[in-house]
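Just below is one structure, and these are the notes that go with it.
The values are calculated or read from the model by the stated rules, or taken from the named source; none is laboratory data. Please read these numbers as outputs of a predicted model, since none were measured by experiment. Because the Cβ atoms are built from the backbone with ideal geometry, glycine has one as well, and the counts that use them run over all protein chains shown. All accessible areas refer to the heavy atoms of the entire protein, side chains included, with ligands and DNA or RNA removed. Shrake-Rupley method; radii C 1.70, N 1.55, O 1.52, S 1.80 Å.
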Amino acid sequence: MKKLVIACNVDGVLNNPCEHILKVFNEKTRDNLSVDDFKHYDIYRCLEYDDARYFEQLMQDQNNWNDLAPDEGSQAVLSRIVQDGHHVYLVTSTKPSEVEFKWKWVKRYFPYWLQSNFVVLKDKHRFDCDVMIDDCFESLVKGCTYHRVIFDRPWNRGYREDTVDSLYGITRVRNWNDVYKTINNIAEMEESDV
């Protein structure tokens, strides 16, 4: 099996800050929104302007990351992928003001992670890898030469699955077990191409 270079997004893949922040947002605004109300990656297309601004502020507040849990299965499966010999980088397009607390979050839940494998890059499509795992459809369709894996979230379900698969060659995964199977399938396919 070929050893792959894998770029894995943090927000929306290793964790689900939208779901977590939404609880805080609903509590403070007395609203009753659900994650399924977020049909677009851009929150300004999901909420009224003032609400979107407030939601964004909550997302950027380090205190709201203290209780943010990793996505179910992410710790075990990511560790297993690394143990299988793949080279995994956490690639995030986060704002400079958020880098430190997101790195602390990574170290808290993935203590074995090396800082050299934590990459901040606005244009993630420029990262040289074999596989990109992201929750943002737009990040996966830009001039890519790698295998693309989209982590299923409400904001990326607006694209027809047959189009996503056939037109863009994107594989949709619904959980971390799906991620592991997909990585193995890609590695075996790449090995047979050599």
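Within segment 36-56, take every residue that is closer than 12 Å to LEU22 by Cα and either within 18 Å of the chain's Cα centre (by Cα) or of a type in the set (S, T, N, Q) (or both) and give me the one that is most open to solvent (accessible area, probe 1.4 Å).
By that ranking, first place goes to ASP36.
Please enumerate the residues belonging to segment 145-174 that are closer than 21 Å to ASN16 by Cβ, touching a strand residue (DSSP E or B) at 6+ places or on another chain (Cβ under 7 Å) and either modelled with pLDDT of 90 or more or among the polar types (S, T, N, Q) (or both).
Once the filter is applied, which keeps residues that are closer than 21 Å to ASN16 by Cβ, touching a strand residue (DSSP E or B) at 6+ places or on another chain (Cβ under 7 Å) and either modelled with pLDDT of 90 or more or among the polar types (S, T, N, Q) (or both), segment 145-174 yields ARG148, VAL149, ILE150, PHE151, ASP152, ASN156, THR171, ARG172, VAL173.
Here's a check for you: in segment 122-147, which residue that is outside any loop (DSSP other than H, G, I, E, B) and more than 24 Å from LYS95 (Cβ to Cβ) is nearest to the chain's Cα centre (by Cα)?
We begin by selecting, within segment 122-147, every residue outside any loop (DSSP other than H, G, I, E, B); these are 124-126, 131-134, 137-140, 147.
Subsequent filtering for residues that are more than 24 Å from LYS95 (Cβ to Cβ) retains 131, 147.
On the way: VAL131: 13, HIS147: 15 Å.
Out of the qualifying residues, it is VAL131.
Against the definition (open to solvent by 40 Å² or more (accessible area, probe 1.4 Å) and at pLDDT below 95), how does ASP61 come out, yes or no? I'd like the intermediate steps shown before the answer.
Numbers: open to solvent by 40 Å² or more (accessible area, probe 1.4 Å): yes; at pLDDT below 95: yes.
Considered against the rule, which asks whether it is open to solvent by 40 Å² or more (accessible area, probe 1.4 Å) and at pLDDT below 95, ASP61 comes out as yes.
Modelled with pLDDT of 90 or more, open to solvent by 50 Å² or more (accessible area, probe 1.4 Å) and touching a Gly at 6+ places or on another chain (Cβ under 9 Å): is that true of LYS3 in this structure? Write out each step before concluding.
Values: modelled with pLDDT of 90 or more: yes; open to solvent by 50 Å² or more (accessible area, probe 1.4 Å): yes; touching a Gly at 6+ places or on another chain (Cβ under 9 Å): yes.
Against the criterion (modelled with pLDDT of 90 or more, open to solvent by 50 Å² or more (accessible area, probe 1.4 Å) and touching a Gly at 6+ places or on another chain (Cβ under 9 Å)), LYS3 qualifies.
Inside segment 175-194, can you point out the residues that are in contact with an Asp or Glu (Cβ under 9 Å, 6 or more places away or on another chain) and outside any helix (DSSP H, G or I)?
Scanning segment 175-194 gives a single hit, ASN175.
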